[in-house]
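First comes the structure, then the notes that go with it.
No lab work stands behind these numbers, since they all come straight from the coordinates. Since this is a predicted model, take the numbers as computed values, not measurements. FYI the Cβ positions are ideal-geometry reconstructions off the backbone, even for glycines, and counts take in every protein chain you see.
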Amino acid sequence: MNARYDTLGRPRAEGQERGLRPLHPLLPENWISRAVRISMSDARWQQFDALIGKVKDFTGARAAGQVLSQFIDAHAKAAPTVHWLDWEHEKAKRVLKFEGTAA
């Protein structure tokens with residue numbers, strides 16, 4: 001058979017390898033799809049699935065990505081990066097303050 005038709009004789013679209021349509025819609029610009037293996041308890045998966053179900057703008061993988069993006073954004077806001085020298089400086093001040101009160 002001609003490469004422009006599937007095994008049932010139906011015409012194929014440009015860039016279509018199998019079936020009548022692509023299996024997944026095109027992603028927006030600058031989006032990347034990756035398979036990730038994650039393990040967690042059944043209760044946590046139920047919570048994650050519930051959060052995905054609340055995403056109204058996307059379905060499937062895009063909804064999961066949206067939930068994870070929101071977690072990353074929340075973590076970035078809640079946990080500002082601290083340079084280790086700043087942490088050491090604060091620790092030294094606490095130690096000196098404690099030694100000054102113990103004498």
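Modelled label positions at residue 85 and residue 40, each set 7 Å beyond Cα in the direction of Cβ, lie 3.7 nm from each other. Semi-axis lengths, largest first, of the ellipsoid equivalent to the chain are 55, 17, 12 Å, with √(5λ) applied to each eigenvalue of the Cα gyration tensor. In the chain, taking the dipole from charged Cβ atoms about the Cα centre, the farthest positive-side position among 92, 9, 70 is held by 9. Between the helical axis of 61-78 and the longest alpha-carbon principal axis of the chain there is an angle of about 10 degrees. Placing +1 on the Cβ of every Lys and Arg and -1 on the Cβ of every Asp and Glu, with no other charges, gives the chain a dipole of roughly 280 debye about its Cα centre. Bridgeable lysines around residue 54 (alpha carbons under 27 Å apart, same-chain partners fewer than 8 residues away excluded): 77. Secondary-structure-derived ellipticity at 222 nm for the chain, considering helices only, amounts to -16000 deg cm²/dmol, per-run term -39500 (n - 2.57) for DSSP H runs with n ≥ 4.
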